[in-house]
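Here is the structure we will look at, set down as structure tokens.
The values are calculated or read from the model by the stated rules, or taken from the named source; none is laboratory data. These numbers were taken from a predicted model, which means no experiment stands behind them. Backbone-built Cβ (ideal geometry, glycine too); neighbour counts: all protein chains shown. Ligands, DNA and RNA are stripped out before the accessible areas are found, and what is left, the full protein with its side chains, is counted by its heavy atoms. Shrake-Rupley method; radii C 1.70, N 1.55, O 1.52, S 1.80 Å.
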Amino acid sequence: MFDFNLNGISAASVGVFAIRRPNIPTPRLRTNTITVPGVDGVFVSSDNSYEPIKFEIECNFMSTTPETFDEQARAVRKWLLSSQASQLSFSDDPNWFYLTQIIQPSDIERTSKRIGVLTIAVTCDPYNYRTDGQQEIEIVDKQVLINPTSLQSKPLYKLTGTGQFKISINPIVQPLIYGFYIDVTDSATINTKLLQAYNSSGKIVINNMTMGDFDVLLLRPGNNKFYIGTPSGGKVSVIPNWSEI
């Protein structure tokens with residue numbers, strides 16, 4: 001039986017069943033076109049980012065009795081409305097998931113005394129993520145991490161310690177010239193997808209002592225060799241976020 005999972009809860013566990021497997025659209029590359037007078041065609045540029053993807057899941061459910069229909073409908077709405085910004089996975093592809101941005105359920109149509117029908121409109125991040133890419137891995141100097149996908153990944157870094165952290169990955173110049181520097185007090189998180197660094201309270205920690213570009217922290221397909229400098233007792237870990245289109 002086909003099932004799907006939202007917010008760590010399977011649809012079947014709340015009595016909801018997909019009528020059919022949704023078609024997942026291919027993400028669209030963001031592009032800009034420039035027209036130059038007197039020149040045929042257009043010039044096309046892109047920052048290699050993608051638009052979010054949107055699709056619908058048609059579902060139904062059946063209450064135990066006609067008298068419990070409204071109770072069941074409330075449970076379904078509560079589950080869906082609490083699933084914003086969560087992971088969406090399908091039972092026939094359990095090692096991959098999507099990151100939802102918007103979950104918008106339709107009105108529930110009561111087609112009989114016990115059966116309700118609804119459509120769940122989903123807006124997702126354009127990438128399909130591997131579940132094993134969500135594991136936190138501690139990284140030490142000169143360690144090699146293999147990206148098993150065909151895309152450059154945008155990882156999450158967690159830094160623990162007080163002082164300056166220095167990171168390079170696959171440096172073009174000599175390893176001791178690090179690509180990214182940041183001063184940390186106690187702990188910080190570097191989110192390369194959002195291009196932000198913040199402490200445990202969520203306060204942005206980018207300052208004039210931060211040097212480098214977030215792009216140097218991305219993980220290319222294949223081998224990625226880390227060169228890391230940490231303060232005494234400092235630790236660096238990474239959640240790789242392996243993904244495909």
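Leu80 fails exactly one of the following numbered conditions: (1) in contact with a Pro (Cβ under 9 Å, 6 or more places away or on another chain); (2) surrounded by 14 or more Cβ atoms within 10 Å (Cβ to Cβ); (3) closer than 30 Å to Gln152 by Cα. What is the number of that condition?
For Leu80, the failing item is (3).
Name every residue in the range 83-114 that is of a type in the set (Val, Ile, Thr) and open to solvent by 50 Å² or more (accessible area, probe 1.4 Å), in order of residue number.
Ile102, Thr111 - these are the residues of the range 83-114 that are of a type in the set (Val, Ile, Thr) and open to solvent by 50 Å² or more (accessible area, probe 1.4 Å).
On the given criteria, is Asp132 among the acidic types (Asp, Glu), closer than 15 Å to Ser243 by Cβ and open to solvent by less than 20 Å² (accessible area, probe 1.4 Å)?
no
Among the residues of the range 138-151, is any farther than 18 Å from Phe97 by Cβ, open to solvent by 60 Å² or more (accessible area, probe 1.4 Å) and under 15 Å from the mean Cα position of the chain (by Cα)?
No - not one qualifying residue is present in the range 138-151.
Within the range 225-233, is even one residue at pLDDT 95 or above, over 23 Å from the mean Cα position of the chain (by Cα) and of a type in the set (S, T, N, Q)?
The answer is yes; a qualifying residue exists.
If I ask for residues that are closer than 19 Å to Gln101 by Cα, touching a residue at least 40 places away in the same chain (Cβ under 8 Å) and either open to solvent by 90 Å² or more (accessible area, probe 1.4 Å) or in contact with a Cys (Cβ under 9 Å, 6 or more places away or on another chain) (or both), which ones from the range 29-75 would you list?
Within the range 29-75, Pro52, Ile53, Lys54, Phe55, Glu56 qualify.
Taking the range 1-27 as the search range and keeping residues that are assigned to a loop (DSSP other than H, G, I, E, B), open to solvent by less than 40 Å² (accessible area, probe 1.4 Å) and not hydrophobic (A, V, I, L, M, F, W, C), which one is farthest from Phe55 (Cα to Cα)?
The extreme case among them is Gly15.
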